[in-house]
Amino acid sequence: MNESHYCPHSPEEISEMLAAIGVSSVEELFAPIPSDLRAKTFNIPPGMSEFETYARMQAIVADNSKSMLNFIGGGFYDHIIPSVVDHLSGRSEFYTAYTPYQPECSQGTLQALFEYQTAICRLTGMDVSNASLYDGATACAEAAMMALRVTGRNRIVVDGCVNPFSRQVLKTYLYNLKVEVVEIAPLDGTLNRDELAKALDDSVAAVLVQNPNFFGCVEDFSAIADQVHGAGALLVASVYPVSLGILKTPAGMGADIAVGDGQSLGNPLSFGGPSFGFIAAKKALIRNMPGRIIGETIDKQGRRGYVLTLQAREQHIKRHKATSNICSNQGLYALRGLIFLSSIGKQGLAEMARLNRDKAEYAKAQLADIPGVTVLQSAPTFNEFTVFLPRPAAAVVADLLKHGLAAGVPLGDYYEDSANALVVTVTEKRTRKEIDHLAKELEAALCN
Amino acid sequence: MQLIYEKSTPGRNGVRLPASDVPAAAALPESLLRTEAAGLPEVSELDLVRHFTILSQRNFSVDTNFYPLGSCTMKYNAKVLENAAALFAPFHPMTALLPQGAACCQGTLGMLYDLGQMLADITGMDEVTTQPLAGAHGEMTGIMLISAYHKAKGNKKKYVLVPDSSHGTNPASAAMAGYEIITVPTAPYGDMDLELFKKAMNSEVAAVMMTCPNTLGLFNPHIKEISDIAHSHDALMYYDGANLNAIMGKVKPGDVGFDVVHVNLHKTFGTPHGGGGPGAGPVGVKKSLIPFLPQPRIVMDGEGQFLLETANQLSIGRTANFFGNFGVMVKAYAYIIMLGRQGLIQVSEQAVLNANYIKEKLKAYYDVPYDMTCMHECVFSASKQLAHGVHAIDIAKYLIDKGYHPPTVYFPMIVKEAIMIEPTETESKATMDAFIQVMIEAAQVAETDPQALHDAPLTMPIGRLDETKAAREQNVCCQW
């Protein structure tokens, strides 16, 4: 009986193949494994039909709380995904292909990723982009390692307003590399520029900032860029790509490397992944970039085509001297990002960004009207903002979760003395009615 | 073919956004705004659909072509897996990290926990983290766990030892965890040279990284002895799970002495490769390494509730944003429960059967540098063809014209003109017989008309590309 219907051989075919090989059973082919090492147990449950499998997966979904109304972000955002994104990225010529090492039969993937790199460059204002990294957090770590290589220095300075998960991943990546990570404590939810000035010296390879930051604050880092460059270090800016519909680009601020998470560009929340990380930089840094890069060239007849280029940076050639260990990236989700950006288009992205800000500003005003609630006013915001509640945010959020409302991310878990602070996110998907509902429920929860 | 940017017309729009139902906000200060709109394409939905549909048709894929790419396990990706993953699209990962948020995510957290348990059983490990986002990310995480283990014990370790046939990611990942690399040559019997290994081994070795079966498709008969020697120096054994498809239910890495493994869900567990990603690289460990696992770690309490451990001081910390490539995990979970115990055993058996069948059928035409029973893949050399000036790459390009994705060529690096074939278990005998016939033809053409192989491929939208020009000009972004 064929336990896996994805294994196609009939018993006769198996016999023919065994005869061709010159063995009498499949088991004989496993003879190279010493018998005393063979598995003594194998406790995977018996298999089932496709129909039953799908039903089991539906049952798992049903074990999660249904229809949560999201006002949470923290790096992942509930945005519109045009139908074309699923349909086109769902073409199996894209999703069942491998890495395009054979360019003649992979021009679809290669041209799409070249177009993706172009989109990332145009979004960030940078000159060069790779073909994606794992996620936004690991992209921050890769950018830091890139700066360490370029400068030959051994210290990374990080704004404490950068997403705490990105900072944690950065520390994990750098822990074994004899690199010091210095964090600048936030000043009212913004970069403490005096402390940064003090931390800058000739041992600093890079300064990592984020815009908008974890508190939701939007800043201009142009002046910082001059200071950082004056100290011989690189400025790395982590950015939220949807916000770049209107906000100043990392290149416009003088950053050398731009990174971020591409989830917001047409990728579902999907409990945290897959999304993709992007990294883009000034042209001079291209040979220190991690991961795959697609380049344009021609064939013998002069026809334009695309190939993986500068592969001498990568692990399959350079092994332990590679710019990174990355091999698989998140190509399919970068493709989704490209389809999203091509679909929403030049004006559409700006309009979408404005819509996010308009909704968030409306929400900010509604929440500010609740007695005892104040808004962090230190800087303008995009689609996330920080409010201070009259009592610890954790209990309030836990309360509202029971009502199907994810009201925001309490900052107490991530910053000292911030127990009452809550970061609220409002994307274009939230309606005025939903925002009013949040304000009403929050007010009610605070009265309890 | 034009780029999407070359099809752009100012003012055209592919998406209509919802009308705003709130007042317009006061403008942000100029200094915070971009000076001009990002130069994204401006195309209609139909233009967009045609563009990407035609692009997709310029790809080979598992769904359109046999893809015997060694070391990559390009098996068929069952369609139900895609449907299963789509069910989970609306769940925000932050929900689980909110106060008492885990209670809202018992389905998703429980699935990750169960997947970890099943992978632990398959690999003979005690616990699995699903956080690593790809195979190489798993390797890096695994070596960081080993580093944390040694540091906690006060061991002074400096090196990671790898065979010269290893994947490039092995030494690259070890380097990212701060180790220096010792490379051990391969013996004539096709595996890491045992005597040279013994000489290279010393008390400063933190770990030995191995792929088993190795990249020649051979199961190392000395594996237990190697792990015993490594353990006698308090070095840990790292298992690169790239070739796990060969051994499910047959042998468990944990039983032969491995302490840490990573698993490539996109290879062994039927999740698609996505044109280069996403994959997923869960890491399994033996008990002694559990305290160092990444955070957040999913644990089950006494009442069967799933919780997140986030503040373990011994942990190496966070290696990625949230819980890994969750959608890939859903697919792998569905794959494992659907195939079940016997199904997974059958997968490995037929993967090994198929590879040996191709090896036997082609060995009269191509050199087999290590001719013995292989596991799920076999490695040939185009050295015979080289006598006629034909290289492995020429054979590869000829196959493209015949509708086959080429095997992996020039890897492992220790085989001259390597041609590495991994048919996987999902290919039929008829498909393999047709492929074998074309490989035989290629060997014949190599003798009679080598130029025809140098000229291939001729049937694709483009021919062989000038890679030197690409590297020199570094045109990686459309200037149009």
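Assessment of the stretch B:273-288 against the conditions (assigned to a loop (DSSP other than H, G, I, E, B), under 30 Å from B:Ile345 (Cα atoms), touching an Asp or Glu at 6+ places or on another chain (Cβ under 6 Å) and not small (Gly, Ala, Ser)) yields at least one matching residue.
Across the stretch A:78-99, what is the total count of residues that are over 27 Å from B:Asp47 (Cβ atoms) and more than 8 Å from chain B (Cβ to nearest Cβ)? Counting residues in the stretch A:78-99 that are over 27 Å from B:Asp47 (Cβ atoms) and more than 8 Å from chain B (Cβ to nearest Cβ) gives 0.
Can you tell me how many residues in the stretch B:106-145 are in a loop (DSSP other than H, G, I, E, B), buried (at least 24 other Cβ atoms within 10 Å of the Cβ) and either more than 21 Å from the chain's Cα centre (by Cα) or not hydrophobic (A, V, I, L, M, F, W, C) (or both)? So that I can check it myself, show each step before the final result.
Of the residues in the stretch B:106-145, the ones in a loop (DSSP other than H, G, I, E, B) are B:124-126, B:130-134.
Checking which are buried (at least 24 other Cβ atoms within 10 Å of the Cβ) leaves us with B:125, B:130-134.
Imposing the further condition that a residue be either more than 21 Å from the chain's Cα centre (by Cα) or not hydrophobic (A, V, I, L, M, F, W, C) (or both) reduces the set to B:130-132.
Looking only at that region, the number is 3.
Answer with yes or no whether B:Pro369 is in a loop (DSSP other than H, G, I, E, B), away from chain A (no Cβ under 11 Å) and touching a residue at least 24 places away in the same chain (Cβ under 8 Å). Against the criterion (in a loop (DSSP other than H, G, I, E, B), away from chain A (no Cβ under 11 Å) and touching a residue at least 24 places away in the same chain (Cβ under 8 Å)), B:Pro369 qualifies. Restricting the stretch A:1-38 to residues that are outside any helix (DSSP H, G or I) and aliphatic (A, V, I, L, M), the residue that is most open to solvent (accessible area, probe 1.4 Å) is A:Met1. Within the stretch B:146-184, the set of residues being out of contact with any helix residue (DSSP H, G or I) (no Cβ under 6 Å at 6 or more places or on another chain) and in a loop (DSSP other than H, G, I, E, B) comprises B:Gly154, B:Asn155, B:Lys156, B:Lys158, B:Asp164, B:Ser165, B:Ser166, B:His167, B:Gly178, B:Tyr179.
Residue-by-condition table, conditions (1) in contact with a Gly (Cβ under 9 Å, 6 or more places away or on another chain); (2) under 30 Å from A:Gly272 (Cβ atoms); (3) not hydroxyl-bearing (Ser, Thr, Tyr):
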| site | (1), (2), (3) |
| --- | --- |
| B:Met338 | yes, yes, yes |
| B:Gln342 | yes, no, yes |
| B:Glu377 | yes, no, yes |
| B:Ile395 | no, no, yes |
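Residues in the stretch B:26-51 that are within 18 Å of A:Gly345 (Cβ to Cβ) and either β-branched (Val, Ile, Thr) or part of a helix (DSSP H, G or I) (or both): B:Val43, B:Glu45, B:Leu46, B:Asp47, B:Leu48, B:Val49, B:Arg50, B:His51. The residues in the stretch A:347-363 that are under 17 Å from A:Cys217 (Cα atoms) and either open to solvent by 30 Å² or more (accessible area, probe 1.4 Å) or not assigned by TED's automatic domain parsing to the domain that holds A:Ile435 (or both) can be counted, and the count is 2.
The residues of the stretch B:289-319 that are part of a loop (DSSP other than H, G, I, E, B), free of Cβ contacts under 8 Å to residues at least 24 places away in the same chain and open to solvent by 40 Å² or more (accessible area, probe 1.4 Å), listed by number, are B:Asp301, B:Gly302, B:Glu303, B:Ala311, B:Asn312, B:Gln313.
Of the residues making up the stretch B:203-226, those that are open to solvent by 10 Å² or more (accessible area, probe 1.4 Å) and assigned to a helix (DSSP H, G or I) are B:Lys224, B:Glu225. Take the residues in the stretch A:318-334 that are more than 7 Å from chain B (Cβ to nearest Cβ) and not polar (S, T, N, Q), then tell me which one is surrounded by the fewest Cβ atoms within 10 Å (Cβ to Cβ). Among them, the one singled out is A:Lys321. Restricted to the stretch B:384-480, the set of helices (runs of 4 or more DSSP H) holding at least 1 residues that are closer than 30 Å to A:Tyr6 by Cα, free of Cβ contacts under 8 Å to residues at least 24 places away in the same chain and under 29 Å from the mean Cα position of the chain (by Cα) comprises B:392-401, B:429-448.
Taking the numbered list (1) assigned to a loop (DSSP other than H, G, I, E, B); (2) within 30 Å of B:Val409 (Cβ to Cβ); (3) within 30 Å of the chain's Cα centre (by Cα) in turn, B:Ile54 passes all entries but (1). Under the condition of being within 8 Å of chain A (Cβ to nearest Cβ) and open to solvent by 20 Å² or more (accessible area, probe 1.4 Å), the residues counted in the stretch B:423-464 number 7. Does B:Ala85 meet the test of being farther than 25 Å from A:Ser4 by Cα, outside any loop (DSSP other than H, G, I, E, B) and of a type in the set (Gly, Ala, Ser)? It is false that B:Ala85 is farther than 25 Å from A:Ser4 by Cα, outside any loop (DSSP other than H, G, I, E, B) and of a type in the set (Gly, Ala, Ser). Please work out if B:Thr73 is of a type in the set (Val, Ile, Thr) and open to solvent by less than 10 Å² (accessible area, probe 1.4 Å). Against the criterion (of a type in the set (Val, Ile, Thr) and open to solvent by less than 10 Å² (accessible area, probe 1.4 Å)), B:Thr73 qualifies. Each residue in the stretch B:227-268 was checked for being assigned to a strand (DSSP E or B) and within 24 Å of B:Ala200 (Cα to Cα), and 8 of them qualify. Checked against (1) at the interface with chain B (Cβ under 7 Å from one of its Cβ atoms); (2) crowded, with 24+ Cβ neighbours inside 10 Å; (3) in contact with a helix residue (DSSP H, G or I) (Cβ under 8 Å, 6 or more places away or on another chain), A:Leu110 passes all but a single condition, namely (1).
The values are calculated or read from the model by the stated rules, or taken from the named source; none is laboratory data. Values in this document were obtained by computation on a predicted structure and should not be read as measured data. Backbone-built Cβ (ideal geometry, glycine too); neighbour counts: all protein chains shown. For the accessible areas, the whole protein counts, side chains as well, though only heavy atoms, and no ligand, DNA or RNA atoms are used. Shrake-Rupley method; radii C 1.70, N 1.55, O 1.52, S 1.80 Å.
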